[in-house]
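Chemist: One structure is given below, represented as structure tokens, and several questions about it will come after.
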């Protein structure tokens with residue numbers, strides 16, 4: 001039986017042609033990734049944990065912050081530490097509320113990447129993560145109701161005083 005290929009080897013067109021090791025595209029150099037969505041069940045934790053695995057697989061010192069009350073990213077990391085020789089390959093911590101912002105800011109200089117996984121509703125943890133994120137990922141299955149949700153996420157980002165670049169509520 002052959003081992004499955006790592007995710008970064010199976011994603012079509014990955015890495016992009018302008019890839020420079022991820023320094024700008026995905027967040028090397030202290031960039032913070034925030035993975036929010038107002039609606040639950042859209043794959044936020046799956047995206048966050050896969051990014052953590054992919055980034056650590058290419059040697060990045062990464063911190064995964066689980067700011068979701070369901071703690072699925074933490075459960076995933078525990079299983080990974082138990083089942084993968086050498087452990088998860090990244091550091092994972094659980095934070096909630098304002099500590100998401102304060103601890104992320106305190107730890108930002110110690111990691112090449114920080115990925116913050118938040119829950120599926122507007123919470124203090126989600127807003128704290130939004131206030132420190134450099135990159136916002138909003139996964140969704142493109143159905144009409146989810147597209148409408150994007151407008152709410154955009155409004156929330158705007159209320160937090162964060163600039164929105166390349167914003168489009170419609171999938172391309």
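Chemist: When you scan segment 81-111, how many residues do you find that are touching a strand residue (DSSP E or B) at 6+ places or on another chain (Cβ under 9 Å) and either in contact (Cβ under 8 Å) with a residue 60 or more places away in the chain or within 16 Å of residue 60 (Cβ to Cβ) (or both)?
Modeler: Here the count works out to 10.
Chemist: So which residues in segment 53-75 are in contact (Cβ under 8 Å) with a residue 60 or more places away in the chain and farther than 19 Å from residue 125 by Cβ?
Modeler: 55
Chemist: Report, by residue number, each residue of segment 112-124 that is under 14 Å from residue 63 (Cβ atoms) and buried (at least 21 other Cβ atoms within 10 Å of the Cβ).
Modeler: 113, 114, 115, 116, 117
Chemist: Only residues that are surrounded by 15 or more Cβ atoms within 10 Å (Cβ to Cβ) and on the phi < 0 side of the Ramachandran plot: list them for segment 77-93, please.
Modeler: 77, 80, 88, 90, 91, 92, 93, listed by residue number.
Bear in mind that the values in this text are calculations on the coordinates, not laboratory data. What you see is a predicted model; the values in this text were computed from it and never measured. Every residue, glycine as well, gets a Cβ built from its backbone with ideal geometry; the counts of neighbours run over all protein chains shown.
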